[in-house]
Amino acid sequence: MLQSFKYLFSCNLVLSRSLSGYVSRMRYLMRLKEDDEACREALKSGKVLLYHKLSPLLRKTSSGYKLASLKTSDLEQILEKVGKDKHIVNESFLLGCTDKDEPQFSLDVGDLDRSALEQECRGMFVDLRKAFFMIPGPESPLAAKGQALLRWHQTNCFCSATGQPTVRNQSGSFRVCHSSGITYYPKMAPVVIVLVSDGSRCLLARQAMFPPGMYSALSGFCDMGESVEEALHREVAEEVGLEVENLQYSGSQHWPFPQSSFMLACHATVNPDKTQVNIDKAELEDARWFTYEEITEALQNLPRDPRREPPVFWVPPSYAIANQLLQEWANHQQLSRKLHGLK
Ligand SMILES: NC(=O)C1=CN([C@@H]2O[C@H](COP(=O)(O)OP(=O)(O)OC[C@H]3O[C@@H](n4cnc5c(N)ncnc54)[C@H](O)[C@@H]3O)[C@@H](O)[C@H]2O)C=CC1
Ligand SMILES: [Mg+2]
């Protein structure tokens, strides 16, 4: 009894310590967003993720590629070496804070010579879609956020009401037009994504613009005034001519493409007697039902090296929420197969 009380007590201590660490980090970030001077100060001791025309800088390590995170002072030296004023680091945008309380920023240096920078930084700038297959999963949301924030600022330099320039705050959490008084905040477009199952197979589709062989779950932007449920029913009907039921929420994620989407992911089923797809060829190149075996093989054979030929059929990387839906579906299939005595 005493033993278990001691165990519970130590668990609570660990929990309260990590909770208070999290809370103080969030309060610190909140202050940096609002206080320009504090944010400038934080940048001096922070880390910067470097992008070149929105491609993040990666470094090769003994355990594979990693997102490069440069100390501000090191970056200033590198900028001077490639002949640029070191003060452009002040154009960085606040991204977050590591669990060691180091503030993190992103900066695009697309106007500088790419190969000179790569040499000085001992890394390479990689297209973000490719980088998602190369960097460790936990680094992906940060790489995505860094790019999304940079792109939003690059495309929101002018007020849509007056045409006058907008001015950023130091952290980059908003831009303001001093002429109209309008404040612009970074935006995400809500997108529904759904993995449709007929009980033993799941439906995946590809657009003509996808890389060869890649299939993903059905997705679509929400229309103004729609609920998630309405958008989901409509998208599946429009794209493959099916009516879905049993919607089950799975999760959400920020996705940096095309201009920051907020992905809301669900599972859904169709009546196994009504699985005939009728593809909208304007949207999709193909849509097909895939078996459990095909899905598990694709999940195990994700392309890792963008220079290598991808498999004939492959699915989005582990960071993409489409991948999470497929993992969940495969786990569910595995369980029900066990229950029914199948392999
Ligand atoms: N993270 C993930 O796992 C996945 C993410 N996605 C993302 O979801 C997004 C939407 O999926 P789609 O099937 O392409 O959508 P969709 O089926 O709605 O078709 C795209 C078309 O919708 C129109 N549209 C309406 N509102 C728009 C807006 N706010 N921004 C851009 N276009 C808009 C445009 O005409 C565009 O060509 C994709 O851009 C993709 O980046 C898609 C699949 C997997
Ligand atoms: Mg779509």
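Of the numbered criteria (1) closer than 30 Å to VAL126 by Cα; (2) surrounded by 15 or more Cβ atoms within 10 Å (Cβ to Cβ), the one VAL270 fails is (1). Return a yes/no flag: does the stretch 169-177 have any residue that is β-branched (Val, Ile, Thr), closer than 30 Å to GLY64 by Cα and at pLDDT 95 or above. No, the stretch 169-177 has no match at all. For the stretch 88-136, what are the residues that are closer than 14 Å to PRO56 by Cα and part of a helix (DSSP H, G or I)? Across the stretch 88-136, the qualifying residues are ARG114, SER115, LEU117, GLU118, CYS121, LEU128, ARG129, LYS130, ALA131, PHE132, PHE133, MET134.
If you go through the stretch 108-149 and keep only what is without any contact (Cβ under 8 Å) to a residue 60 or more places away in the chain and among the β-branched types (Val, Ile, Thr), you end up with just VAL109.
Among the residues examined, GLY181 does not qualify as free of Cβ contacts under 8 Å to residues at least 60 places away in the same chain, outside any helix (DSSP H, G or I) and more than 24 Å from MET30 (Cα to Cα).
Scanning the stretch 210-219 for residues that are within 14 Å of ligand 2 (Cβ to nearest atom), outside any strand (DSSP E or B) and out of contact with any Leu (no Cβ under 6 Å at 6 or more places or on another chain) gives a single hit, PHE210. How many residues are assigned to a helix (DSSP H, G or I), within 16 Å of ligand 1 (Cβ to nearest atom) and of a type outside the set (Gly, Ala, Ser) if we restrict to the stretch 252-300? Total meeting the criteria: 2. The set of residues from the stretch 220-251 being within 13 Å of ligand 2 (Cβ to nearest atom) and either in contact with a helix residue (DSSP H, G or I) (Cβ under 7 Å, 6 or more places away or on another chain) or in a loop (DSSP other than H, G, I, E, B) (or both) comprises GLY220, CYS222, ASP223. Taking the criterion of being within 16 Å of ligand 2 (Cβ to nearest atom) and among the hydrophobic types (A, V, I, L, M, F, W, C), the residues of the stretch 185-201 that qualify are ALA189, VAL191, VAL192, ILE193, VAL194, LEU195, VAL196.
For HIS153, the test of being loosely packed, with under 14 Cβ neighbours inside 10 Å and either more than 16 Å from ligand 2 (Cβ to nearest atom) or not in a loop (DSSP other than H, G, I, E, B) (or both) is failed.
Of the residues making up the stretch 202-234, those that are near ligand 1 (Cβ under 9 Å from one of its atoms), surrounded by 18 or more Cβ atoms within 10 Å (Cβ to Cβ) and of a type outside the set (Gly, Ala, Ser) are LEU218, CYS222.
The values are calculated or read from the model by the stated rules, or taken from the named source; none is laboratory data. Given the structure is predicted, the values throughout are model-derived calculations rather than measurements. Here Cβ is always computed from backbone atoms with ideal geometry, including for glycine, and neighbour counts include all displayed protein chains.
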